[in-house]
Amino acid sequence: QVQLVESGGGLVQPGGSLRLSCAASGTIFDINSMGWYRQAPGKQRELVATSMSDGRTNYADSVKGRFTISRDNAKNTVALQMNTLKPEDTAVYYCGAEVRPTSWGNWHKYWGQGTLVTVSS
C-alpha cells in the first residue's frame, strides 16, 4: 500500500503565503506524476499543479505565476509554495501521485486525506 500525507494548510489573509508538503510512503518502485489538486465547496476537484518524474511541470492557469511546485524524487516528496493567495484559492488541497509499487506492477493513482486552505481577512 501507498500512503500520502499532506501538511501545511491553514488560515491566511489575502496576499499571504502558505507552503504545502506531501510525503509518499509504503511500497513504491516508481512515481510518475505527483502533484496537487483542490476542491472548493460545491465544485469539482481540479488540478492545481503537477510535477512529472522527468522534471516537467504543469499549472492551472489560475495559479500560474503565484504557485510553485517542487519535488524531491529521492525522498518521494512534493511541495507547493503558494504566494499572493486569493479568497478564491480557498479549498481542500489534495496530494495525488501515480505510483507503481513494483517494476512489473501497474500504475495506480493514490490520494492524500486533504488539507484545508482558507484565504480570508
Requested in this report: With an 8 Å cut-off on Cα pairs and a minimum separation of 6 or more residues, tell me the relative contact order of the chain in percent.
Outcome: 37 percent
Query raised in the report: Once region 41-95 is represented by equal point scatterers at the alpha-carbon sites, with solvent omitted, what log10 I(q)/I(0) does the Debye formula produce at q = 0.15 Å⁻¹?
Result: -0.46
Query raised in the report: To the nearest 20 debye, what is the magnitude of the charge dipole of the chain about its Cα centre, counting +1 on the Cβ of each Lys and Arg and -1 on the Cβ of each Asp and Glu?
Result: 80 debye
Query - Cα Rg over Rh - region 76-121, Kirkwood - result: 1.15
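Every number here is computed from the coordinates shown, using simple stated rules; none is lab data. Note that this is a predicted model, so its numbers are computed, not measured. Cβ sites come from the backbone with ideal geometry, for glycine too, and all protein chains shown count toward neighbours.
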